[in-house]
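Asks: Sharing a structure with you now.
The values are calculated or read from the model by the stated rules, or taken from the named source; none is laboratory data. What you see is a predicted model, and the numbers here were worked out from it, not measured in a lab. Here the Cβ positions follow ideal geometry from the backbone for every residue, glycine too, while neighbour counts run over all protein chains shown. The protein model used for the area step is the full one, side chains on, heavy atoms only, and it has no ligands, DNA or RNA in it. Shrake-Rupley method; radii C 1.70, N 1.55, O 1.52, S 1.80 Å.
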Amino acid sequence: MLLGSAVVVWEWLNEHGRWRPYSPAVSHHIEAVIRAGPRAGSVVLGQADRRLAPYLLDLHSMHQFRQDTGTIRPVRRSYYDPSSAPGKGVVWEWENDSGSWTAYDMEVGITIQHAYEKQHPWIDLTSIGFCYVIDFSTMGQINRQTQRKRRIRRRLDLVYPLVTGTLPKSQSWPASPGVSSSPPTPPCTCPQCLLVMSVKAAVAAGANGGTGAAVPQQQQRKASAPLGGPKPPIPAPGLKPPDGTATTRSSLKTLASQVSRRQAASTPALSSATSLPAANGKTTRASLNTLNRTHLQRLAIAQSRVLIASGVPTVPVKNLNGSSPVNPALAGITGILMSAAGLPVCLTRPPKLVLHPPPVSKSEIKSIPGVANTCRKTTKKQAKKGKTPEEVLKKYLQKVRHPPDEDCTICMERLSTPSGYKGPQPAVKPDLVGKLSKCGHIYHLHCLVAMYNNGNKDGSLQCPTCKTIYGVKTGTQPPGKMEYHLIPHSLPGHPDCKTIRIIYNIAPGVQGPEHPNPGKGFTARGFPRHCYLPDSEKGRKVLKLLLVAWDRRLIFAIGTSSTTGESDTVIWNEIHHKTEFGSNLTGHGYPDSNYLDNVLAELAVQGITEESAAQEKD
């Protein structure tokens with residue numbers, strides 16, 4: 001136990017082992033539920049944030065449950081100094097590849113805010129396990145390995161909830177169960193709660209009566225009470241139970257008969273061990289633990305039909321049939337029990353993930369009309385010899401005799417003063433200024449030469465402000481092979497054409513001088529990687545430009561995986577591919593009506609268009 005005051009931040013554990021904070025509004029909502037009922041069981045996160053509608057938070061097990069996928073993640077209740085970033089409502093965020101903003105982990109945000117308040121010009125996050133430098137003058141995040149820059153921002157939000165007095169540790173929540181001081185409330189009689197109570201009563205009765213032993217009347221009444229709620233009063237002998245209890249039992253009897261009728265009509269009959277208890281509570285039903293998986297599934301599906309008939313919206317629970325770390329039957333029944341928290345839940349079978357097409361024989365694989373060959377290989381391409389960085393830049397620059405009174409956006413010094421670059425000094429005077437011929441942006445020549453030397457040195461230059469490309473941009477993709485051909489199957493959303501399948505294969509190896517860590521080995525996970533395009537006019541256009549991108553070594557790079565967190569591994573290089581053939585559960589599949597246009601735009605950002613490809617051939 002701790003004494004004092006602190007702000008409470010609720011956090012969840014992601015797949016990379018990092019604790020990610022819920023927003024202040026969600027943390028306030030969770031705390032409000034706890035204050036309203038110290039023995040509360042579940043929190044519906046969608047009530048605080050519509051984007052979290054599929055999520056429930058179970059306070060007893062301290063886990064977050066996603067109903068449409070069945071995913072379960074640990075959560076925790078953390079305490080931070082009221083004078084730190086969460087106590088002041090300060091949120092630090094970085095811009096991701098889609099242009100939206102992502103909050104830093106709480107530990108990182110607090111560290112950044114502390115340096116910001118101390119008016120440090122920058123902060124290196126290496127000490128807390130991240131290879132990034134935060135530059136407050138440009139409000140940018142710089143990757144120390146790849147030198148990639150991202151924008152960051154500081155914004156004000158709600159202050160996280162403040163607690164004072166005795167502060168329990170995260171592990172001590174929830175508190176030990178005790179007698180509730182709140183007066184008992186009559187049970188709810190809605191179809192959801194009646195179904196929940198019927199399942200609970202069946203489980204409890206089976207656990208006590210599975211051997212045929214008599215169950216005391218008092219224990220029967222306890223088994224009928226909602227879990228985690230106040231116990232109903234025990235009526236004295238000869239007295240009628242309260243009206244609410246009578247109503248509940250009457251409705252429960254009706255519900256049990258509905259389940260039995262629907263089950264008999266639409267599913268194979270179950271043995272007497274699976275029947276729901278009678279209204280008087282007497283039963284010799286065996287425990288649910290003695291039933292096999294098939295019987296549990298049938299019972300769960302039959303119960304879910306009652307919810308559907310009563311107008312409850314359907315929210316799928318994953319893997320009723322397949323294998324999963326969560327037992328399918330338990331996942332289904334858990335979904336029903338969670339409906340007691342007020343969120344409608346019932347069982348359906350969600351669409352399955354279809355990564356690959358049906359098997360295709362060699363005779364069915366065809367070449368693509370209008371596209372030469374079916375395979376393309378790349379090797380390491382060295383920078384063109386004989387041209388210095390200064391000679392390369394002369395092709396794209398015009399000298400500026402009288403610089404304007406504005407900043408160089410590379411070194412952030414005034415253009416009328418010498419360059420502020422402090423690294424290895426290029427053979428260019430630091431006070432010379434040049435203007436890029438296409439876009440017209442102006443920089444110190446000293447800065448441009450330094451930027452070129454830190455890049456791929458391939459004879460091309462990209463404006464750091466507007467991303468206009470001068471010359472032919474190439475990347476640092478490791479050697480590999482790209483195969484492409486037609487298969488006789490259609491993608492969802494493209495029923496009138498066949499499918500172009502692309503297979504990328506890159507082997508692990510040793511990084512070259514153009515990579516983040518020359519001489520160090522790199523891994524290549526998930527190869528061969530299969531990708532899919534519709535065999536339409538626009539699909540073939542995308543394929544031809546992807547072939548140009550492959551030749552220019554722009555499809556892949558070596559860096560840190562955003563999925564696994566592994567460094568020195570082969571990663572995608574900002575040209576999105578569809579790797580899911582027959583579904584779109586991961587967001588990397590079909591149908592997606594905007595994908596072809598989006599990938600054409602991404603290729604154009606890399607300097608790859610039909611016009612540039614034609615000019616390169618000429």
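Asks: When all alpha-carbon pairs of segment 23-132 are counted, what percent fall beyond 23 Å? Provide the component values of the computation, followed by the final result.
Replies: Numbers: 2575 of 5995 pairs.
In whole percent, the long-distance tail amounts to 43.
Asks: Express the accessible area of segment 3-67 per residue in Å², computed with a 1.4 Å probe while the remaining protein chains stay in the model.
Replies: On a per-residue basis, segment 3-67 sits at 44 Å².
Asks: Give me the net charge for the shell around Y595: Cβ to Cβ below 11 angstrom, other residues only, Lys and Arg +1, Asp and Glu -1.
Replies: So the surrounding residues net to -1.
Asks: Hey, got the Cα dimensions of segment 466-528 along the principal axes, in Å, largest first?
Replies: Principal axes ranked by extent give 48, 34, 16 Å for the Cα atoms.
Asks: What list of ³J(HN,Hα) values in whole Hz, one per residue of segment 97-106 in order, does the Karplus curve 6.51 cos²θ - 1.76 cosθ + 1.60 (θ = phi - 60°) give from phi, with Gly and Pro shown as x?
Replies: Per residue, the Karplus-derived 3J(HN,Hα) values read 5, 8, x, 8, 10, 10, 6, 5, 3, 4 Hz.
Asks: With every protein chain left in place, what is the accessible area of E364 in Å² (1.4 Å probe, nearest 10)?
Replies: E364 exposes around 80 Å² with every protein chain in place.
Asks: Give me the extension gain from K394 to E364: residue separation times 0.36 nm, minus the current Cα-Cα distance, reported in nm with one decimal.
Replies: Gain on extension, K394 to E364, equals 5.5 nm.
Asks: Cβ under 9 Å from V75's Cβ, V75 left aside: what net charge do those residues give with Lys, Arg +1 and Asp, Glu -1?
Replies: Here the count lands on +1.
Asks: Using 14 Å as the cut-off for backbone N distance, which residues of segment 132-161 belong to the label zone defined by a point 7 Å from the Cα of E117 along Cα→Cβ?
Replies: Of the residues in segment 132-161, 160 have backbone N under 14 Å from the label point off E117.
Asks: Using θ = phi - 60° and the Karplus form 6.51 cos²θ - 1.76 cosθ + 1.60, what ³J(HN,Hα) does each residue of segment 584-593 get, whole Hz, x for Gly and Pro?
Replies: Using θ = phi - 60°, the values come out as 9, 6, 8, x, 10, x, 10, x, 8, 5 Hz.
Asks: Can you list the aspartates and glutamates whose alpha carbon is less than 19 Å from that of K394, not counting same-chain residues fewer than 8 positions off?
Replies: D431, D458
Asks: Count charges around S361 for me, please; just the other residues with Cβ under 15 Å from its Cβ, Lys/Arg as +1, Asp/Glu as -1.
Replies: The answer is +3.
Asks: Another question about this same structure. Looking at this model, which pairs from K395/K422; K473/K578; K362/K538; K387/K520; K118/K473 are more than 31 angstrom apart at the alpha-carbon? List each step's numbers first, then the result.
Replies: Numbers: K395/K422 25 Å; K473/K578 24 Å; K362/K538 26 Å; K387/K520 28 Å; K118/K473 41 Å.
In this structure, K118/K473 lie more than 31 Å apart at Cα.
Asks: If you don't mind, there's one more thing I want to ask. For Y132, list long-range residues whose amide hydrogen, built 1.01 Å from N in the peptide plane, is under 5 Å from its own amide hydrogen.
Replies: Those lying under 5 Å, H to H, from Y132 are L125, T126, R144.
Asks: So how far apart, in nm, are the two label points at T609 and R66 if each is 7 Å from Cα heading toward Cβ?
Replies: Going by the 7 Å Cα→Cβ label model, 3.8 nm.
Asks: By how many nm would the segment from E15 to K435 lengthen if fully extended, with 0.36 nm per residue of separation less the alpha-carbon distance?
Replies: 146.6 nm
Asks: Using each residue's phi in segment 118-123, evaluate 6.51 cos²θ - 1.76 cosθ + 1.60 at θ = phi - 60° and report the 3J(HN,Hα) Karplus result to the nearest Hz, with x for Gly and Pro.
Replies: 7, 6, 6, x, 7, 9
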